[in-house]
Amino acid sequence: MRIWVFFLWIAMLRAPAAHAAVYCVNDQTGADGLSGLASGEDCGACAVDDSEAWKSLENVNHSAFRPGDRVCLRRGGVWNEQLTPPDSGSPDSPIVYDAYGAGPLPKIDAPDGSPNSVDTSGRSAVQFRHLDVTAETNGTTDSAALRVSGGSAVKIADSVLENALDISVNVIHVESSPGFEITGCQISGGNRGIFVTGASGFPGLIAENKIFDITSGLQQDWDGIRVLGESNANFAGLVIRGNEITGFKEDGIDLRAAAGVVAENNFIHDPAGDFASISGIKLGASSSTPARDNIIRRNFFRNIANGTNGFHEAVKVAQGPNQIVQNVIQGVYDAGVFISEGAAGIEVLDNVVIEARRGVVAENKASATVQGNVLNASEADLEVRQGSSVTGGRNVMMSDAGASVLDTAKYSGKDTDVSLPP
């Protein structure tokens, strides 16, 4: 008996694991009474044979899926329905929603009265790829193309997302969902391209996206990306990397109440509109939750100037400590880096600022270390005023303006002045 049990156990170990299922959804020829299944391991199976395809997302929303399953939407299809994934995957076997066939990306645009076109509703290990998700007909307040709330490890990649509603707020809304990833997407419309918020903070990745034309909606704060924490939320492990952000009205990246974020290798340029206050990246604002321990490094800012008045800065800092390191800033109406509101512990190191009115500014009792920067501004390469204190050194000041230390401000450090030929 024991020998029989032993060999049965060996046979079970050697038995092949069951393949995850592949489900097809075809808005033209599908029928919800069918099985939805295709024979294969990925969405290519639906391109070969989708004769059992479902028709509606409503049917998808009320089906049961297992980790590793694929739900495949026909390219060229349009669904005026909401997609609400009914089940979670596992860390090693996510449930994937993807496209099959040829033609435009499958489009999801929820009808009137639906709050979000795609809503993960606390699901975990769910992925979306190659989809066109739009919020343009579901006219409810605070609508989003994609809302990720709760759960973990939700990812969207290589997709197009737009919020064209006049009352819209966010294209993508992420709330308290650790391990989220938004990569390789085109994101436009709304008051904010991506809005990340949560009481305790959480890690995630926003990378290689193009975020543009953030100009619709009735509310203000037209930001490419905004991270808003609560109660000293720490977003350590949240990385914003390699994105192109343009056509925003107010801030390219707004970290007004965030801690522990790394923003690196982003290209932030050419805002839209003529607001009096425009920033490429903002650190801190009038908030009880400080922006602290963030790292802004190796970003390229260009043409942060739209209009001929107001305060336009590549990086605006109102709280600290924070680091601004190895960025290149070319073309800004006012200041390359603007430090104010008593911000302390600010490090501005090894940056290049050219074609600006002022290179680095510290005012209103700010405290900063400004070292190793190359500065070439028309009015002042470095300006310290209103009781601020700056420790300088190793800066290369290339304009005739040089450094300006006003009123009760303090500045110490040895820099190099370089006179450019006329």
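Just so you know, all these numbers are worked out from the coordinates, no wet-lab data involved. These figures come from a predicted structure and were not determined experimentally. Glycine also receives a Cβ, built like all others from the backbone with ideal geometry; neighbour counts cover every protein chain displayed.
Compute the length gained on full extension between V78 and F311: take 0.36 nm times their separation in residues and subtract their Cα-Cα distance, giving the result in nm to one decimal. Don't jump to the answer; show the numbers that get you there.
Values: separation 233, 0.36 × 233 = 83.88 nm, distance 4.38 nm.
Full extension of this stretch gives 79.5 nm more.
How much length would be gained if the chain were fully extended between R394 and Q28, taking 0.36 nm per residue of separation minus their Cα-Cα distance, in nm to one decimal?
Gain on extension, R394 to Q28, equals 125.1 nm.
Please find, in a Gaussian network model of the chain (springs between Cα atoms separated by less than 10 Å), the residue of A380, A199, A157 whose mean-square fluctuation is greatest.
A199
Any idea how far apart V328 and A102 come out in nm if each label point goes 7 Å out from Cα toward Cβ?
About 4.1 nm separates the two model spin labels.
Using a Gaussian network model on the chain with a 10 Å cutoff between Cα atoms, which of A403, A31, A259 fluctuates the most?
A31
Expressed as an acute angle from 0 to 90° and rounded to the nearest 10, what is the orientation of the C-alpha long axis of helix 2-14 relative to the principal long axis of the chain?
That helix lies at roughly 60 degrees to the long axis.
Rounded, prolate or oblate, given the Cα gyration tensor of the range 110-297, with a/c below 1.5 counting as rounded?
Rounded.
Give the list, by residue number, of cysteines in the chain with no other Cys Cβ closer than 4.7 Å, or say none.
Singleton cysteines: C185.
Residues of the range 65-109 with amide nitrogen under 13 Å from the 7 Å Cα-to-Cβ point of E58?
Taking a point 7 Å out along Cα→Cβ of E58, the residues of the range 65-109 whose backbone N falls under 13 Å are 80-83.
Mind giving me the nanometre distance, one decimal, between the label points for D49 and K410, set 7 Å out from Cα along Cα→Cβ?
8.1 nm
Return the sequence-ordered ³J(HN,Hα) values of the range 28-34 in whole Hz as given by the Karplus equation 6.51 cos²θ - 1.76 cosθ + 1.60 applied to θ = phi - 60°, using x for Gly and Pro.
9, 10, x, 9, 5, x, 7
Find out how many positive minus negative residues lie around N243, taking Lys and Arg as positive, Asp and Glu as negative, among other residues whose Cβ is under 11 Å from that of N243.
My count for the surroundings of N243 gives -1.
By how many nm would the segment from S39 to E341 grow when fully extended, if each residue of separation counts as 0.36 nm and the alpha-carbon distance is taken off?
Computed gain between S39 and E341 is 102.5 nm.
Within the set of other residues whose C-beta is less than 15 Å from the C-beta of L255, count the net charge using Lys and Arg as +1 and Asp and Glu as -1. It would help to have the intermediate numbers written out before the result.
Values: positive: R192, R226, R241, R256, K282, R292, R297, K316; negative: D221, D223, E230, E250, D251, D254, E264, D293, E313, E341.
Charge balance in the 15 Å sphere: -2.
Report, in debye and to the nearest 20, how large the dipole of the chain comes out about its Cα centre when Lys and Arg carry +1 and Asp and Glu carry -1 on their Cβ.
1140 debye
Once amide H atoms are placed 1.01 Å from N in the peptide plane, what residues at a sequence separation of 5 or more from S90, or on another chain, have their amide H within under 5 Å of its amide H?
G68, I95
Given all pairs of different Cα atoms, what value in angstroms does the Kirkwood hydrodynamic radius of the range 318-422 take?
It works out to 13.0 Å.
What number comes out for the charge environment of A21, summing +1 per Lys or Arg and -1 per Asp or Glu over other residues with Cβ under 13 Å away?
Once all neighbours under 13 Å are counted, the net charge is -3.
I'd like the antiparallel share, as a percent to the nearest 5, of DSSP beta bridges with both residues in the chain. Don't skip to the end; give the middle numbers.
Details: 2 of 143 bridges.
Bridges in the chain are about 0 percent antiparallel.
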